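Asker: Sending over a structure as structure tokens; questions will come in a sec.
The values are calculated or read from the model by the stated rules, or taken from the named source; none is laboratory data. As the structure is a computational prediction, the values presented were derived from the model and not from experiment. Quick reminder, even Gly has a Cβ in these numbers, built from the backbone with ideal geometry, and neighbours come from all protein chains shown. The protein model used for the area step is the full one, side chains on, heavy atoms only, and it has no ligands, DNA or RNA in it. Shrake-Rupley method; radii C 1.70, N 1.55, O 1.52, S 1.80 Å.
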Amino acid sequence: MALMNLGPKSRQMLALAGITSDERLREIGAVAAYAMVKQVGANATLNLLWALEAELTGTHWREVARLHRASLLLALKSLHSSKE
């Protein structure tokens with residue numbers, strides 16, 4: 001996995017969730033990947049969600065947090081609601 005903007009801890013959390021390739025991350029997207037990481041009990045904060053989206057969009061994570069925070073949180077809430 002060669003994701004440039006993710007550190008070793010983030011990559012380790014993704015691996016615990018079964019996300020071991022760039023292709024898999026791109027296939028499922030940042031929101032689903034973050035939810036999967038949380039589901040396996042990893043101690044991930046929302047900064048991971050911002051970093052995942054930044055990686056996939058080529059945007060700095062701070063820009064993602066500032067500009068896309070609401071839409072990502074709504075997508076995460078929607079994902080959780082659909083599983084209930």
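Asker: Under a crude label model (7 Å from the Cα following the beta-carbon direction), how far is Gln12 from Ala70 in nanometres?
Answerer: 3.7
Asker: Over what distance in Å are the Cα centres of the range 7-28 and the range 39-83 separated?
Answerer: 14
Asker: What number, in percent, do you get for the relative contact order of the chain if the mean sequence gap of Cα pairs under 8 Å and at least 6 apart is divided by its residue count? Don't jump to the answer; show the numbers that get you there.
Answerer: Numbers: 69 pairs, mean separation 23.0, N = 84.
Across the chain, relative contact order equals 27 percent.
Asker: Report the gain in length on full extension from Asn47 to Ser82: 0.36 nm times residue separation, minus Cα-Cα distance, nm rounded to one decimal.
Answerer: Length gained, Asn47 through Ser82: 10.3 nm.
Asker: Another question, then. Rounded to the nearest percent, how much of the accessible area of the chain (1.4 Å probe, protein heavy atoms only) is carbon and sulfur?
Answerer: Looking at the chain in its full context, I get 53 percent from C and S.
Asker: So, by mean Cβ neighbours within 10 angstrom, what's the order for 23-33, 42-52 with the highest one leading?
Answerer: 42-52, 23-33
Asker: Taking the solvent-accessible surface of protein heavy atoms with a 1.4 Å probe, what is the per residue accessible area of the range 1-64 in Å²?
Answerer: On the way: 3530 Å² over 64 residues.
Heavy-atom SASA per residue in the range 1-64 reads 55 Å².
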